[in-house]
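The values are calculated or read from the model by the stated rules, or taken from the named source; none is laboratory data. Here the structure is a predicted model, which is why all the values come from computation and not from measurement. Positions of Cβ are backbone-derived with ideal geometry, glycine not excepted, and every protein chain shown enters the neighbour counts.
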2 protein chains.
Amino acid sequence: MTADNAEQIRSVATQLFARHGYEGVSLQAIAERVGVTKQTLLYHFPSKDVLRKAVLDQVFSHWRERLPQMLEAVTSGHGRFDALTRELVRFFETDADRARLLVRELLDNPDEMRRMLAENLRPWVLLVAQYVREGQRIGLIHADVDPEAYVLTVITLVLANVSTNGIVEGVLGDSGGSGVRAARERQQNELLRLTKAALFKR
Amino acid sequence: MTADNAEQIRSVATQLFARHGYEGVSLQAIAERVGVTKQTLLYHFPSKDVLRKAVLDQVFSHWRERLPQMLEAVTSGHGRFDALTRELVRFFETDADRARLLVRELLDNPDEMRRMLAENLRPWVLLVAQYVREGQRIGLIHADVDPEAYVLTVITLVLANVSTNGIVEGVLGDSGGSGVRAARERQQNELLRLTKAALFKR
DNA sequence: CCTACCGATCGGTAGG
DNA sequence: CCTACCGATCGGTAGG
């Protein structure tokens, strides 16, 4: 079936682009993984760049779909911001390739990504920033927080943490075997603590 | 001169690998930029992978050289940690390609990078973590900070901020022309505020 | 025998 | 969707 193959190609391409980079993956390699010929791939996606954009579009569309759900958790107060950050971590952690792909695209095509992030993220960032301002007004949140910059910093940090969860383990983890999971958990706990501590008054 | 050509090749390779990725740059492209033939490049670096490792080694050696200098600033107290974070930002900002290269290598070769980061970074991370513990002992720093995880989180955040300084501008910046510089400065200020606020008691 | 290269070309594979 | 290919370029090596 055509739609099935096209979907499988896009899915495999997402995974391989995320792990080895756009230039590091050949159309042949993608086709082989799916079990079709390169020519079949080129029937569904007439060029490598078309495939790249299809992959990217799907990541953003998934994001646009999930973001409103995540934001429902945020209305006001302490625990809500925590829930949002947790949701953000979970969003990228359930599919770390999504985070890696975004970081790679950000490095490879900064201008295009700036545009796409502005389009897809801007309304939500401004909305959450308004919640922060509300928190500042009622004295729950430190007055010197820069709302928009804070939200972007948290997103950057979560993205970086998930996509390169390798920074941590080697440095934190002891030589023992149990160190990897524990180190990842420590890092994530500290991320949540840090983002909260930088926001709320005690 | 031979040493000169080898050095120029390594320098150009650093820049191009950082901007387009290892797989995205041909030996021909590097050689052309330097003004030598590809064969001359291969005389100095017998394979592309040898060149990759030479580039990476230089970045780490630069890091090993500068880190002790940065750490001299840290003894104790409020302003010292701030100075260290500022130095870290400056270190990567004066050559953003360094940050981009590290992030790319982290995505391309997570295992190798985990090992290299552990070797090169571990002693310094543990040292700064000890300063954090000292701060906790004298009641200057929040007791619930995870010292090692905190230090790594700050490094991750600085690295991510510098290497993908594109996240910000598109979302924060207005359509006007003056927005880019201002947005970058806002983001950096919030980074410094956030790392401090998450550490020190008020 | 060394160094620092050159012009030409190797076998394979890239995207299309 | 496949067979049959292309112009070009890939990383790497030959003799001198």
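Those helices (runs of 4 or more DSSP H) of the stretch A:1-90 in which 1 or more residues are touching a strand residue (DSSP E or B) at 6+ places or on another chain (Cβ under 8 Å) are absent.
Within the stretch A:7-33, the set of residues being buried (at least 18 other Cβ atoms within 10 Å of the Cβ) and farther than 20 Å from B:E23 by Cα comprises A:I9, A:R10. The residue that is farthest from the chain's Cα centre (by Cα), counting only those in the stretch A:22-64 that are within 26 Å of B:V25 (Cβ to Cβ) and away from DNA strand C (no atom under 11 Å from the Cβ), is A:R33. More than 10 Å from chain A (Cβ to nearest Cβ), in contact with a strand residue (DSSP E or B) (Cβ under 7 Å, 6 or more places away or on another chain), hydrophobic (A, V, I, L, M, F, W, C) and in contact (Cβ under 8 Å) with a residue 12 or more places away in the chain: does that describe B:V132? Answer is yes for this residue. Tell me which of these A:L101 doesn't satisfy, since it passes every other one: (1) touching a helix residue (DSSP H, G or I) at 6+ places or on another chain (Cβ under 7 Å); (2) outside the structural domain of A:R133 (by TED's automatic domain parsing); (3) surrounded by 14 or more Cβ atoms within 10 Å (Cβ to Cβ). Checking A:L101 against (1) touching a helix residue (DSSP H, G or I) at 6+ places or on another chain (Cβ under 7 Å); (2) outside the structural domain of A:R133 (by TED's automatic domain parsing); (3) surrounded by 14 or more Cβ atoms within 10 Å (Cβ to Cβ), the one that fails is (2).
All conditions but one from (1) touching a residue at least 40 places away in the same chain (Cβ under 8 Å); (2) away from DNA strand D (no atom under 13 Å from the Cβ) apply to B:Y22; the one that does not is (2). Checking each residue in the stretch B:1-21 for being more than 11 Å from DNA strand C (Cβ to nearest atom) and out of contact with any Gly (no Cβ under 6 Å at 6 or more places or on another chain) picks out B:R10, B:S11, B:V12, B:A13, B:T14, B:Q15, B:L16, B:F17, B:A18, B:R19, B:H20.
Considering only residues in the stretch A:83-129 that are more than 11 Å from chain B (Cβ to nearest Cβ) and among the acidic types (D, E), the one that is nearest to A:T14 (Cα to Cα) turns out to be A:D95. Note on the stretch B:44-75: residues that are away from every other protein chain (no Cβ under 14 Å), within 16 Å of DNA strand D (Cβ to nearest atom) and either surrounded by 13 or more Cβ atoms within 10 Å (Cβ to Cβ) or closer than 30 Å to B:V151 by Cβ (or both) total 7.
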